[in-house]
Amino acid sequence: MRAFSEQARVYFPAGGLNADPSGIEQARLLGSLAQECKGVQIIVEGHSDPSGNADVNRRLSKKRAEQVIQRLGAAGFDTSNFVAQGLLKAF
């Protein structure tokens, strides 16, 4: 699961929160696998680029991670062990 999760990506448009459908499908597959990992904390990382205001980008990054978790929850997955983390990507 770790190897797959390191390769899975959910892409968002610049400055946006609308995830691409193929990425959400990858997240659903990971969500399904995560249901078998009782007691394991799943960290969902959201990213943004470093251009612009760092605080705004950090909030956007976290909102992206929260969006993925919310979509998984709406699909019926137990997301109680999922944690959203916002990160800035360095070039």
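The values are calculated or read from the model by the stated rules, or taken from the named source; none is laboratory data. Keep in mind the model is a prediction, meaning the values are calculated, not measured. Every residue, glycine among them, receives a Cβ derived from its backbone with ideal geometry; neighbour counts consider all protein chains shown. In case anyone asks, the SASA skips ligands and DNA or RNA and just uses the protein heavy atoms, side chains included. Shrake-Rupley method; radii C 1.70, N 1.55, O 1.52, S 1.80 Å.
Going residue by residue through segment 49-56, is there one that turns out to be acidic (Asp, Glu), part of a loop (DSSP other than H, G, I, E, B) and open to solvent by 90 Å² or more (accessible area, probe 1.4 Å)? There is no residue in segment 49-56 that is acidic (Asp, Glu), part of a loop (DSSP other than H, G, I, E, B) and open to solvent by 90 Å² or more (accessible area, probe 1.4 Å). Within segment 66-86, the residues that satisfy the criterion of being open to solvent by 40 Å² or more (accessible area, probe 1.4 Å) and either outside any loop (DSSP other than H, G, I, E, B) or of a type in the set (Ser, Thr, Tyr) (or both) are GLU66, GLN67, GLN70, ARG71, ALA74, SER80, VAL83, GLN85. Between VAL40, VAL44, which is in a loop (DSSP other than H, G, I, E, B) and either modelled with pLDDT under 85 or among the aliphatic types (A, V, I, L, M) (or both)? Of the residues listed, the single one that is in a loop (DSSP other than H, G, I, E, B) and either modelled with pLDDT under 85 or among the aliphatic types (A, V, I, L, M) (or both) is VAL40. For segment 21-33, a tally of residues being closer than 11 Å to VAL68 by Cβ and either touching a residue at least 60 places away in the same chain (Cβ under 8 Å) or not polar (S, T, N, Q) (or both) returns 6. Of everything in segment 33-48 that is open to solvent by less than 60 Å² (accessible area, probe 1.4 Å) and not β-branched (Val, Ile, Thr), the residue that is farthest from SER5 (Cα to Cα) is SER48. Summed over segment 15-35, residues that are modelled with pLDDT of 85 or more and part of a loop (DSSP other than H, G, I, E, B) total 6.
Do we find that GLU6 is open to solvent by 70 Å² or more (accessible area, probe 1.4 Å), in contact with a strand residue (DSSP E or B) (Cβ under 6 Å, 6 or more places away or on another chain) and without any contact (Cβ under 8 Å) to a residue 24 or more places away in the chain in this structure? Judged against the criteria, GLU6 is not a match.
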